[in-house]
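Participant: The structure is given below, and queries will be raised subsequently.
The values are calculated or read from the model by the stated rules, or taken from the named source; none is laboratory data. Quick caveat: nothing in here was measured; it's all calculated off a predicted structure. Please note: Cβ atoms are built from the backbone with ideal geometry, for glycine as well, and neighbour counts cover all protein chains shown. With ligands, DNA and RNA removed, areas are computed over all heavy atoms of the protein, side chains included. Shrake-Rupley method; radii C 1.70, N 1.55, O 1.52, S 1.80 Å.
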Amino acid sequence: MAEAEIKPAYLISGTDEAKIARTRARLRARAEREGGAGALELFEAGEGRRAPDAEALLASLAAISLIAARRYLLVDGVEAWGKKDAEGVAEAIGALPPETTVALVARGKPPAPLAKAVKAAGGELLKFEAPKERELPKQLVADARELGFELDLDA
């Protein structure tokens with residue numbers, strides 16, 4: 001089965017940590033498969049920061065990669081960005097180099113400018129909401145089916 005064509009940008013958001021983690025893992029695996037370990041750049045909160053460094057991301061977007069044919073930039077924690085950072089990154093998404101894919105991860109609600117920019121760039125919005133308690137049994141059955149298992153709803 002052929003892999004789906006990669007989009008220039010993704011906005012992954014919501015409250016379902018498991019689905020967000022699986023999506024991140026698939027992106028990481030694809031980047032390593034296509035370009036080796038250096039094809040993925042990761043931006044996360046750290047070193048006393050509560051959000052990923054938007055300026056470091058912007059600098060990386062402006063840099064030319066000599067390592068891989070396609071660059072993947074995974075930015076986790078964008079829900080903590082302020083208006084200035086979100087707008088700066090949104091503007092940069094509108095001018096992504098063709099060999100670059102940016103995946104923005106927001107736990108909860110993402111900043112509005114990012115969703116608009118990802119859509120305008122031909123990207124994809126992936127929203128994963130954790131099921132309500134009453135919906136959990138049906139969701140578990142569906143998730144198991146996706147993974148090739150069968151669960152009985154009454155169990």
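Participant: Could you give me the residue pairs with C-beta distances under 6 Å whose first residue belongs to the stretch 134-151 and is under 17 Å from Arg22 (Cα atoms) and in a helix (DSSP H, G or I), whose second residue is at pLDDT 80 or above and open to solvent by less than 60 Å² (accessible area, probe 1.4 Å) wherever it lies, and which are 6+ apart or on separate chains?
Facilitator: Between residues of the stretch 134-151 that are under 17 Å from Arg22 (Cα atoms) and in a helix (DSSP H, G or I) and residues that are at pLDDT 80 or above and open to solvent by less than 60 Å² (accessible area, probe 1.4 Å), the close pairs are Gln139/Pro131.
Participant: Go through the residues of the stretch 76-93 one by one and say whether even a single one is under 12 Å from the mean Cα position of the chain (by Cα) and under 15 Å from Glu34 (Cα atoms).
Facilitator: Looking for residues that are under 12 Å from the mean Cα position of the chain (by Cα) and under 15 Å from Glu34 (Cα atoms), one finds none in the stretch 76-93, hence no.
Participant: Scan the stretch 48-70 and give yes if some residue there is outside any helix (DSSP H, G or I), modelled with pLDDT of 90 or more, open to solvent by less than 20 Å² (accessible area, probe 1.4 Å) and under 20 Å from Val105 (Cβ atoms), otherwise no.
Facilitator: yes
Participant: Out of Glu32, Glu17, Glu79, report the one residue that is over 17 Å from Pro110 (Cβ atoms), in contact with a strand residue (DSSP E or B) (Cβ under 8 Å, 6 or more places away or on another chain) and open to solvent by 60 Å² or more (accessible area, probe 1.4 Å).
Facilitator: Only one candidate qualifies: Glu32.
Participant: Sticking with this structure for a sec: If a residue has to be part of a loop (DSSP other than H, G, I, E, B), open to solvent by less than 40 Å² (accessible area, probe 1.4 Å) and out of contact with any Lys or Arg (no Cβ under 7 Å at 6 or more places or on another chain) to count, how many in the stretch 106-130 make the cut?
Facilitator: 3
Participant: Now, a different point. I need the full set of residues from the stretch 93-105 which are in contact (Cβ under 8 Å) with a residue 12 or more places away in the chain, surrounded by fewer than 20 Cβ atoms within 10 Å (Cβ to Cβ) and among the aliphatic types (A, V, I, L, M), in order please.
Facilitator: Hit for the stretch 93-105 is Leu96, nothing else.
Participant: Something else: Among the residues of the stretch 15-37, is any among the β-branched types (Val, Ile, Thr) and either without any contact (Cβ under 8 Å) to a residue 24 or more places away in the chain or under 15 Å from Ala69 (Cβ atoms) (or both)?
Facilitator: No; the residues of the stretch 15-37 include none that is among the β-branched types (Val, Ile, Thr) and either without any contact (Cβ under 8 Å) to a residue 24 or more places away in the chain or under 15 Å from Ala69 (Cβ atoms) (or both).
Participant: Another one. Report whether or not Ala25 is among the hydrophobic types (A, V, I, L, M, F, W, C), part of a loop (DSSP other than H, G, I, E, B) and exposed (fewer than 11 other Cβ atoms within 10 Å of the Cβ).
Facilitator: no
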